[in-house]
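Visitor: My structure is below; once you've seen it, I'll send some questions.
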Amino acid sequence: MTTRTAVSKETIHHYIREGLLRKPRKTGKNAADYGDAYVRQVRLIKELRDHYFLPLPVIKKIMKEQKGQTPAEQASFRVQSEYLRPMERFFPRDVVGKDAFQESTGLGRYWLDKLEEWGIISACTDGEKRVYSYENVVIGRLMVDMDRLGFGPRDGYDPQNLKPISDFIKRYLAASTRDYLERNAEKLDSPDFYEKRGQFVELMSLFLYYLYRRISGDAAHDSQRKPAAPSETSI
């Protein structure tokens, strides 16, 4: 259990005493059954402690609320916990070189080259070295996880479908930035311009994130609707 969760036995017992975890089913005098669901719960507690610095009473409330969520909602929460870590912005994780990028993400060389060719992943050059930003590393990991979930080339999903999305965002940003600068050139000298620009980038990122979730949710909801019964006047 400690190997699968990176959490000590003493810490797990503490979580049980605090009511965050149920007692596992005993399979022997010094053995217990820790299933996959139990392992995920321990990892979630560790995630909330290590990356969000939440106290145990708050985590206990989160765990209680999560029990009422659907499996899809729980899976979504796990992905968000894995990737949305604001504190990591304080610790830049630039990766130098393709080999290091592959090791950090698990992405194969063929697909790394393809994603760079399509402009989905891009690297800066430092002399002869290729430097990949934290955002590029996350994109690489996301691609690997998508493939692992069954949304990859072997399953009939073509990653090149992501290229039009990337191209559209680039065109939109170029056009909107050009239009803004033409209308507000005098603001470039404002002391708080770059601070507000950074905030705007984060807000727009969240807007696109929640817009995709909303549209995806609407599509899933529509697909579950039963077709209306034909009326007497229908052809």
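The values are calculated or read from the model by the stated rules, or taken from the named source; none is laboratory data. From a predicted model like this one, the values you see are computed outputs, not experimental measurements. Neighbour counts run over all protein chains shown; Cβ positions are idealised from the backbone, glycine included.
Visitor: Considering only residues of the range 1-12 that are under 27 Å from THR70 (Cα atoms) and more than 25 Å from the chain's Cα centre (by Cα), which is modelled with the lowest pLDDT?
Guide: MET1
Visitor: Which condition number in (1) of a type in the set (Gly, Ala, Ser); (2) part of a helix (DSSP H, G or I); (3) at pLDDT below 80 is the one that ALA37 fails?
Guide: (3)
Visitor: Further question on the same structure: Within the range 159-172, identify whether any single residue is part of a helix (DSSP H, G or I), among the hydroxyl-bearing types (Ser, Thr, Tyr) and exposed (fewer than 10 other Cβ atoms within 10 Å of the Cβ), and answer yes or no.
Guide: no
Visitor: Right, next: Only one residue in ASP113, ASP145, ASP126 is closer than 25 Å to TYR52 by Cα and either of a type outside the set (Ser, Thr, Tyr) or assigned by TED's automatic domain parsing to the domain that holds LEU48 (or both), so which one is that?
Guide: ASP145
Visitor: Look at the range 65-75 and say how many of its residues are more than 15 Å from LEU48 (Cα to Cα) and in a helix (DSSP H, G or I).
Guide: Result for the range 65-75: 5.
Residue by residue, here is whether (1) under 20 Å from SER133 (Cα atoms); (2) of a type in the set (A, V, I, L, M); (3) in contact with a Pro (Cβ under 8 Å, 6 or more places away or on another chain) holds:
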{"site": "GLY35", "(1), (2), (3)": "no, no, no"}
{"site": "VAL39", "(1), (2), (3)": "no, yes, no"}
{"site": "ARG43", "(1), (2), (3)": "no, no, no"}
{"site": "TYR52", "(1), (2), (3)": "no, no, no"}
{"site": "LYS61", "(1), (2), (3)": "no, no, no"}
{"site": "GLU65", "(1), (2), (3)": "no, no, no"}
{"site": "GLU82", "(1), (2), (3)": "yes, no, no"}
{"site": "ASP99", "(1), (2), (3)": "yes, no, no"}
